[in-house]
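Contents: one structure, followed by commentary.
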Amino acid sequence: MLNDIEQLRVFVQVVRSGSMVAAARVLSLPPNTVSRRIASLEQALERTLLVRTTRRLELSDEGRRLLEHARRILEAVKSAEDDLQATDRLRGRLRVGLGSRTVTPALLERIAGLLRDNPELSLALEVSDEPFDLVAQGLDIAVVGGPLADSTLVAVRLIELYAGLAAHPRYLDRAGCPRRRDELIDHECLQFRGLGQPTVWRLTDRHGAAHDVRVGGRFMSNNSQTLSKALFAGLGIGLVPLPFGEQGDPTEELVRVLPSYRWGPLSIYAVMHPSIAKTARVRAVLALLREQVHYDVHRSRMA
């Protein structure tokens, strides 16, 4: 029987850190104490939670299931502490998963202000354009593009995105500019691996009719910043959030392609576990993310 919540804290930290030694450093405990608490937890539950390989620790199926429950329990305890302490200052640690394009100087400036005003709050950013797994990666919040697969999570929509087709003049001088949507199959279209079927773009015309358009192209990436750089390097036709091309915007040097069409919509969500969704620190970070996403889309800043 599980009767020590501290065992859960140690278990979650070991998963986050990837080893008992690393977790011991974070927890300021001797490594043998961490090892004993994990062994005690496994004995109490009569389950193997962590599989020791020659290189790393891996979660067993039972460990993965416990991890989700443990994080919810610990966050519920933390929420109760926050409510009882009744302080105006935010406190605690949040791990946030963001796409590479979201991490801009403007976002970091907002984070700096939030941390400056709340000295007991800390943020850890996990930056990736690969799909996030909140449980496996130990994340509290992740910003993802819909549709959502896990109905057990709380999802807060930050914005709905549309994109226009664009290319650098160097590419258009070399390959010409398509005049019809079916000509995209003969062009170098810069494709994002990991967002549906990359070789088919759903384009909406000015009358609102949607068209699944097959596109050509030999360059693909799972990183949005790489695709942005490829677009400016003249590798092909890419997707740029609308609106774009305002004066002083880096996208001003790009040329709109097939301007009567747009790609999307793509809903951007912040997803989190229900146990932390209403905490003050999560609300503050959500407000910051929502403001930043709207700012980035309005300005259409390209990396």
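The values are calculated or read from the model by the stated rules, or taken from the named source; none is laboratory data. Every value quoted in this text rests on a predicted model; they were computed, and no experiment measured them. Glycine gets a Cβ as well: all are built from the backbone with ideal geometry, and neighbour counts include every protein chain shown. Remember, those area values only see protein heavy atoms, side chains included, never the ligands or the DNA or RNA. Shrake-Rupley method; radii C 1.70, N 1.55, O 1.52, S 1.80 Å.
Using Cα pairs under 8 angstrom and six or more residues apart, how large is the relative contact order of the chain, in percent? Walk me through the numbers on the way to the answer.
Numbers: 504 pairs, mean separation 63.3, N = 303.
Taking the mean separation of contacting Cα pairs over the length of the chain, I get 21 percent.
Ignoring ligands, DNA and RNA, what accessible area per residue does segment 120-169 give at 1.4 Å, in Å²? Show your work: numbers first, answer last.
On the way: 2140 Å² over 50 residues.
Ligands and nucleic acids excluded, the figure is 43 Å² per residue.
Could you give the alpha-carbon Rg of the chain over 2.2 N^0.38 Å, rounded to two decimals?
Numbers: Rg = 23.0 Å, N = 303, 2.2 N^0.38 = 19.3 Å.
Ratio of Cα Rg to 2.2 N^0.38 Å: 1.19.
Can you tell me the length gained on complete extension of the stretch Arg256 to Thr152, counting 0.36 nm per residue apart and subtracting the Cα distance? Don't skip to the end; give the middle numbers.
Values: separation 104, 0.36 × 104 = 37.44 nm, distance 4.02 nm.
My answer for the length gained is 33.4 nm.
Take the Cβ-Cβ distance between Lys229 and Ala209 as r, set R0 to 25 Å, and report the resulting FRET efficiency rounded to the nearest 0.05. Each step should come with its number before you reach the end.
Details: r = 33 Å, r/R0 = 1.31.
Taking R0 as 25 Å, the efficiency between Lys229 and Ala209 is 0.15.
Quick one: what are the phi-derived ³J(HN,Hα) couplings along segment 154-167, Karplus 6.51/-1.76/1.60 with θ = phi - 60°, whole Hz, x for glycine and proline?
Residue by residue, segment 154-167 yields 8, 10, 10, 6, 8, 5, 10, 9, 10, 9, x, 8, 8, 8 Hz.
Where both partners of a DSSP beta bridge lie in the chain, what percent of those bridges are antiparallel, to the nearest 5?
On the way: 32 of 45 bridges.
The answer is about 70 percent antiparallel.
Grab the other residues whose beta carbon is less than 12 angstrom from that of Arg181, score K and R as +1, D and E as -1, and report the net.
Details: positive: Arg179, Arg180, Arg202, Arg214, Arg262; negative: Asp182, Glu183, Asp186, Asp205, Asp212.
Spelling it out: positives minus negatives among the neighbours equals 0.
When the accessible area of the chain is computed with all protein chains present and a 1.4 Å probe, what percentage of it is carbon and sulfur? Kindly include the intermediate steps, with their values, before the conclusion.
On the way: 7980 of 16010 Å².
Taking all protein chains in place, the chain shows 50 percent carbon and sulfur surface.
Quick check: net charge around Ser221, other residues with Cβ under 14 Å of its Cβ, Lys/Arg +1 and Asp/Glu -1?
Numbers: positive: Arg101, Arg193, Arg218, Lys229; negative: Asp129, Glu130, Glu188.
The answer is +1.
Roughly how big is segment 112-196's charge dipole about its Cα centre, with Cβ charges of +1 (Lys, Arg) and -1 (Asp, Glu), in debye to the nearest 20? It would help to have the intermediate numbers written out before the result.
Working: 8 positive and 14 negative charges, 98 e Å.
Magnitude of the dipole: close to 480 debye.
Between Ser60 and Ile185, how high is the FRET efficiency from 1/(1 + (r/R0)^6) when r is the Cβ-Cβ distance and R₀ = 51 Å? Nearest 0.05. Intermediate results must be reported in sequence, preceding the final value.
Values: r = 47 Å, r/R0 = 0.92.
My answer for the efficiency is 0.60.
What net charge is computed for the residues neighbouring Leu67, neighbours being all others with C-beta under 13 Å from the C-beta of Leu67, Lys and Arg scored +1, Asp and Glu -1? Don't skip to the end; give the middle numbers.
Details: positive: Arg9, Arg16, Arg47, Arg64, Arg65, Arg71, Arg72; negative: Glu58, Asp61, Glu62, Glu68, Glu75, Asp133.
So the surrounding residues net to +1.
What distance in nm separates the two pseudo spin-label positions at Ala175 and Glu126, each 7 Å out from Cα along the beta-carbon direction?
3.5 nm
Any idea what the dipole of the chain comes to, in debye rounded to 20, about its Cα centre with Lys/Arg Cβ at +1 and Asp/Glu Cβ at -1? Intermediate results must be reported in sequence, preceding the final value.
Values: 41 positive and 36 negative charges, 67 e Å.
Charge dipole, the chain, about its Cα centre: 320 debye, nearest 20.
Is the shape of segment 1-55 rounded, prolate or oblate, going by the alpha carbon gyration tensor and its root eigenvalues a ≥ b ≥ c, with a/c under 1.5 for rounded and a/b larger than b/c for prolate? Mind dumping the intermediate values first?
Numbers: a/c = 1.93, a/b = 1.25, b/c = 1.54.
Oblate, since a/c reaches 1.5 and b/c is not below a/b.
In the chain, if the dipole is taken from +1 on Lys/Arg beta carbons and -1 on Asp/Glu beta carbons about the Cα centre, which of Val282, Ser267, Cys189 is farthest to the positive end?
Value computed over the given set: Cys189.
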